[in-house]
Amino acid sequence: MGTFHLKIIAYDKIFYDEEAASVVLPAIDGEVQILTNHEECVVALKTGEVRIGTPKGEMIPAVCGSGFAEVTSDNQVEILVDTIERPEEIDIRRAKEAKERAEEQLRQKQSIQEYYRSKASLARAMERLKASSHDRPIGY
């Protein structure tokens, strides 16, 4: 299987900048998998799970915020997202607090803009909690 260069950038760090065999992304209209020699495109991303397949056959899971991915004709994929983190980096207490805050804000009367911001906050908190629970023993 071939590889391509994958670079994932968040506002505060470069998360990944190496060769990859595949990457699965949470696109607005469903999951998208990018492989070597993928057609050129730009993909809008929503909050969700990213899975990077390395050339050694390992899988690197992460949770990202919204952003976009660009696939170029020279086997380059660049992903720009507002946030991205591995499941083991997620602070479960903070994620639960963020979920509770977002749920409370959704119960309040808000402008349309505030409503969508609260929905985005809730989606991010839920994805973070879901991803962090995959690596924890049952009953944790």
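The values are calculated or read from the model by the stated rules, or taken from the named source; none is laboratory data. From a predicted model like this one, the values you see are computed outputs, not experimental measurements. Every residue, glycine as well, gets a Cβ built from its backbone with ideal geometry; the counts of neighbours run over all protein chains shown. Heads up: the accessible areas ignore ligands, DNA and RNA and are worked out on the full protein's heavy atoms, side chains in. Shrake-Rupley method; radii C 1.70, N 1.55, O 1.52, S 1.80 Å.
Worth pointing out:
- Split the accessible area of the chain by element, probe 1.4 Å, and carbon with sulfur accounts for 49%.
- Size descriptor for the range 1-53, Kirkwood hydrodynamic radius: 11.8 Å (Cα pairs only, one decimal).
- Cα-based Kirkwood hydrodynamic radius, the chain, one decimal, Å: 15.9
- Candidate lysines - alpha carbon under 19 Å from Lys119, same-chain residues fewer than 8 apart omitted: Lys46, Lys96, Lys99, Lys109, Lys130
- Rel. contact order, % - alpha carbon contacts under 8 angstrom, at least six apart, the chain: 21
- Restricting the range 1-93 to GluC sites (Glu not before Pro) in coil, as DSSP defines it, with at most 14 other Cβ within 10 Å: Glu39, Glu40, Glu58
- Taking the charge dipole of the chain about its Cα centre, with +1 at Lys and Arg Cβ atoms and -1 at Asp and Glu Cβ atoms, the residue from Val63, Pro87, Gln110 reaching farthest to the positive side is Gln110.
- Accessible area per residue, Å², the chain with all protein chains present, probe 1.4 Å: 62
- The chain, dipole about Cα centre (Lys/Arg Cβ +1, Asp/Glu Cβ -1), debye to the nearest 20: 840
- Cα Rg, Dmax, the range 67-119, angstrom units: 16.5, 49
- Loop-located trypsin sites (Lys or Arg not before Pro) in the range 94-123, at most 16 other Cβ atoms within 10 Å (DSSP): Lys109
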